[in-house]
Each structure stands twice: as C-alpha cells, then as structure tokens.
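Taking it in order: structure first as structure tokens, then the write-up.
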C-alpha cells in the first residue's frame, strides 16, 4: 500500500481507478481518461497534486542560500508572490529535480518539489544549508489542488468568490496569499489555471465545492498527456541526474551570466552538448512510447516520453536526439520492430487549447 493524500478517501468514494505513483496511491482516472483530457483543454478540470511537497525556507540567509542552490537566479524575484521555475543540480550539472520557488519576502521562500524526488531533494538541501543561517521546513500539513483549463478562473471564483480579489489580476508565475490559502498562477497542462495550497484538513471540502462549481475531477493519466502536449518535461523520464539542463530543453532556466556561483555552474560552462530534447510527430497511425529507438541521418536517439495526443489525434513524443537534427527533418521510430516515419518539431504541440504544430 502506498502513501495517501488528504483526498484519498474522496477519490476512492468517487470510484477512481487508483494506482501507485512515486509511492503514493493516486487516481489515474475517474472513468474516461480521454474525456478528462478534453475537459481540461475545453473547460476546467482539477487534479490532486498533494503528493508533491512544499518546503518553506526561512531565515536571514534564505536568498544567498537559494542563489547558491538553484541554477536559475532568485534575484529575479523582487515582487512578493513572484514564482520561478528552476533545476536543482549536482556539481557535474546533472539534474536532481526541477521545481518551482515562490518568493514571499527576503527571508521566506517556498519550494515545491516532485513527489518521487522529495526525500533526496530534502537531503540535498539540508546538506547544502550547513553554511547558511536558514530553516528548512517540509509542509506536510498542506494539500495541493491544481485547477486547470480555460474556464478554471471563473469556476474557482464561483466556488470561492473571495479568491477573486487576490487572483483575478495575477500574471503567470505569480502567487497570492488569502488567509491560509496560497493561490499560484502555475500549472502543468499548458492551460490557464491555479494551483491551490490549502490546509490538509480543508482539502475534501474544497474539492467538493469546486466540483459543485463545475470543475471536473481528473486523474494523473490525462495530466501526463496534457503536459506532453504542452512540451513539459517529466522528471525521471525526460531528465534525470545523468542529464543536464542544456541537453534537456531547459537552457532557458539556467542563469549563467554574471558572477553568481551556483552548484553545477562550472560543469555547464564547459559542457558542449551533443544531444537535445525535441518533439516528434508520428506520420503514420500508432502510438509513440518511451525508450523506443529513433533513427536519424546523424545517428540514433531515443524517445523519453511518448503517447497518443487526444488533441491532435496523433502520436507525439519528446525525444533525445543528436544536437544537429533540425525541426522539419523526417526520422524513423522503431515500433515493435517496424520503422515508422515521424517529423521532428519544436515543442510545445498544444498551448491554451491551440495546436501549434502541423
């Protein structure tokens, strides 16, 4: 038996199909994964993401600590509520995890890390904190609900009118506090929406209120096809400790300029990547899957994440290919011993309900 989020009983009573995900018993779908995917693209759906861990960093040296810890530069966070996407790196540039860091003030930040990496992330953060005056506090008392889709804001406001004042004008990657709630304009689907961090004891009531306002419960199955369509990496598949951000489509998250010395910087400055993470669009009927081999005129590559795209009605994938392969080229994917043609494309495939590749 895996660990349970505060919403586990709610999922079980709703008849969700439950499966182990990173050590947690999580809902995969509530009936039709395809319908849940379309609901998020066209209306509003919600996900229990309480298996992810919020970690509060407080103390007079919180900012210098994060400046050393993260590949992206927290000096970009000057307004309370601003959030930043970054990678946590080893000295050799390998990715320990990807995360979001929220800025409250100079002495208070919150990092949200992936469920499967939470324990090693905490151990790494505590090890690096030895020379800094900070406190690291895992927030196991919180639940997290992601509400995503073009109508998500209107339905959150319908369920909780008081949140409108703090969330209506939030630009992307901002957060706001409303009492014990933390409302983040972030997500993992390529659609507009919020991620709500709320007291665990209130999670079931909040979930029910959102459902009454027309937000559909969704499982992690469609969350994976949504994030793949949006061209978003999944830790453990599209990147891991053997890969650096420069070969994982995440160079934009690395702030190499200036004198700031962060963990992994020297390795990245000297690296000359020979591989890249790029998209594939299958040109024949079929489904692309992770670990399938990709044949190019410049050598072999491998699919890291693949699926059938409900929005495109076509097989899509992220693949690690030789750096010299260009968008627009045709490659071949080995699917059960047969070669199928695919076109190299620059992700994302879909954002805000719009198909961006053809």
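Bear in mind that the values in this text are calculations on the coordinates, not laboratory data. Everything numeric in this text was worked out from a predicted model, so none of it was measured. Reconstructed Cβ throughout: ideal geometry from the backbone, glycine too, with neighbour counts over all protein chains shown.
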note = Residues 136, 145, 95 in order from fewest to most other beta-carbon atoms within 10 Å are 136, 145, 95
inquiry  = Restricting to Cα pairs below 8 Å that are 6+ residues apart, what does the relative contact order work out to for the stretch 274-355? Please round to a whole percent.
reply    = 36 percent
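What's the extension gain from residue 323 to residue 43 if we count 0.36 nm per residue and subtract their Cα-Cα distance? Please list the in-between numbers first.
On the way: separation 280, 0.36 × 280 = 100.80 nm, distance 3.79 nm.
Stretched out fully, the residue 323 to residue 43 stretch lengthens by 97.0 nm.
Using the count of nearby Cβ atoms within 10 Å as a rough guide to exposure, how do 238, 259 rank from fewest to most?
Numbers: 238 25, 259 4.
The order, fewest Cβ neighbours first, is 259, 238.
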note = Here the relative contact order (percent) of the stretch 54-158, from C-alpha pairs under 8 Å and at least 6 apart, is 33 percent
inquiry  = Rounded to whole Å, give me the distance from the Cα center of the stretch 236-298 to that of the stretch 1-69.
reply    = 25 Å
Residues 242, 225 arranged by fewest to most Cβ contacts within 10 Å = 242, 225
message = Once you keep just the Cα pairs under 8 angstrom separated by 6 or more residues, what percentage relative contact order results for the chain?
response = 18 percent
task = Considering only 253, 274, 293, give the residue with the highest GNM mean-square fluctuation for the chain, with springs between Cα atoms whenever their separation is below 10 Å.
result = 274
For peptides 124-130, 106-112, 307-313, sequence by mean Cβ density within 10 Å, most packed first = 106-112, 307-313, 124-130
query = Distance in nm between label sites at residue 177 and residue 290, each 7 Å beyond Cα in the beta-carbon direction?
reply = 3.7 nm
Förster radius 51 Å - calculated FRET efficiency between residue 267 and residue 34, Cβ distance, rounded to 0.05 = 0.75
request  = At a temperature of 37 °C and a viscosity of 0.692 mPa s, determine how fast the stretch 274-355 diffuses translationally according to Stokes-Einstein, using the Kirkwood radius over alpha-carbon pairs as Rh; express D in µm²/s, rounded to the nearest whole number.
outcome  = 266 µm²/s
